[in-house]
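The numbers here are math on the coordinates, done by the rules we state, and not lab data. These numbers were taken from a predicted model, which means no experiment stands behind them. A quick note on method: Cβ atoms are made from the backbone with ideal geometry, for glycine too, and the neighbour counts reach across all protein chains shown.
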Amino acid sequence: MQLSAQGDSPYLIAPAPGAPGLTRAVTGTDHEGRAQTINVVEERPLTIFLNAQEIVTAMTIGDYPEYLALGFLRNQGMLKDGEAVLRVDYDDELETVVVRTDGRTTYEDKLKKKTRTSGCAVGTVFGDMMEGLEGVTLPDATVRTSHLYTLAHVINTTPSLYLEAGAIHGTVLCEGDRPLVYMEDVGRHNAVDKIAGWMLSEGVRPYGKMLYTTGRLTSEMVIKTALMGIPVLASRSGFTAWGVEIARQVGLTLIGRMRGRRFVCLAGEERLLRDADPDSVAEEDAKHRRKSARKEENP
């Protein structure tokens, strides 16, 4: 697939914070008892079917339901390589997505082994998900620090639901110093699945790609990235010990605490090419810093 920009934007898909249905105006009172109206993010259920079998109900903001369903099923190992997706049907009134394939669906045993994850919207993975990592070999890649700095600046200044209403996470598929697809959702796992679904739908390969996320680098995030075949995962936020351990096990480059000129690499250091002087990189504008960064800087 030949990737091309849309207009002046570097993105193929960018956040649409003003889109109808993603936020709702809610009135309350502030600390001084004054009336205040703010936009809050909507949250709604989406039930995913694979052929005739109900798989899971996810809480989501409601955009790109077809990509979310495809990506979730692919990242859970329920859509196999070579299995043809015949149709993806979304029903807005029933809040369901049905992914229809040319294979049979027999995941009763798999569905019994659910694990609740640390995602902010309570994600769900299935108990044998780690087994899929045994045969994973991630491609070679070079991560230029100049690209990291460029990506962080572009992504963090992109108009988004987070800057509009907060209470949401974003994940961005990148190539070189260009962000390609920026997805948001109440759980970081949903945002990753939307990207996985887009890649599957559009036939985009993982070679030369990187994922950038605004959330924590947890085991689930590392597993999903590795299963997608993407060799690099970066974040504004911090790490969990198991996430680092799995990244080292599968050979994934894991970069966190990316704020301004600063970052920490805890796995896959060999892919880094330090081609930028950190002192030449400007610190972040305060209005684009996430709450966690401001709290650490002003304890």
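Structure notes:
- Centroid-to-centroid separation of the range 146-176 and the range 43-100 [C-alpha atoms, Å]: 26
- Modelled spin-label separation between Thr27 and Thr142, with each label point placed 7 Å from Cα along the Cα-to-Cβ direction: 5.9 nm.
- Residue-by-residue Karplus 3J(HN,Hα) for the range 74-89, coefficients 6.51, -1.76, 1.60, Hz, glycine and proline x: 5, 6, 8, x, 8, 10, 8, 4, x, 7, 7, 8, 7, 7, 10, 10
- Applying both filters, DSSP loop and at most 16 other Cβ atoms within 10 Å, to the GluC sites (Glu not before Pro) of the range 134-201 gives Glu134.
- Approximate spin-label separation Glu134-Arg248, in nm, with each point projected 7 Å along Cα-to-Cβ: 2.3
- Sites listed here are GluC sites (Glu not before Pro) in the range 21-101 whose DSSP assignment is loop and whose Cβ has at most 13 other Cβ atoms within 10 Å: Glu32, Glu83, Glu93.
- For the range 215-231, the Karplus equation 6.51 cos²θ - 1.76 cosθ + 1.60, evaluated at θ = phi - 60°, returns couplings of x, 5, 8, 8, 4, 4, 5, 5, 4, 4, 4, 5, 5, 6, x, 8, x Hz by residue, with Gly and Pro reported as x.
- Modelled FRET efficiency - R0 45 Å, Val85 with Thr157, Cβ distances, 0.05 increments: 0.80
- 3J(HN,Hα) along the range 47-61: 9, 9, 10, 10, 6, 9, 9, 6, 9, 6, 10, 9, 8, 8, 7 Hz, from the Karplus curve 6.51 cos²θ - 1.76 cosθ + 1.60 with θ = phi - 60°, whole Hz, x for Gly and Pro.
- Förster radius 30 Å - calculated FRET efficiency between Ser280 and Ala19 (Cβ-Cβ, nearest 0.05): 0.20
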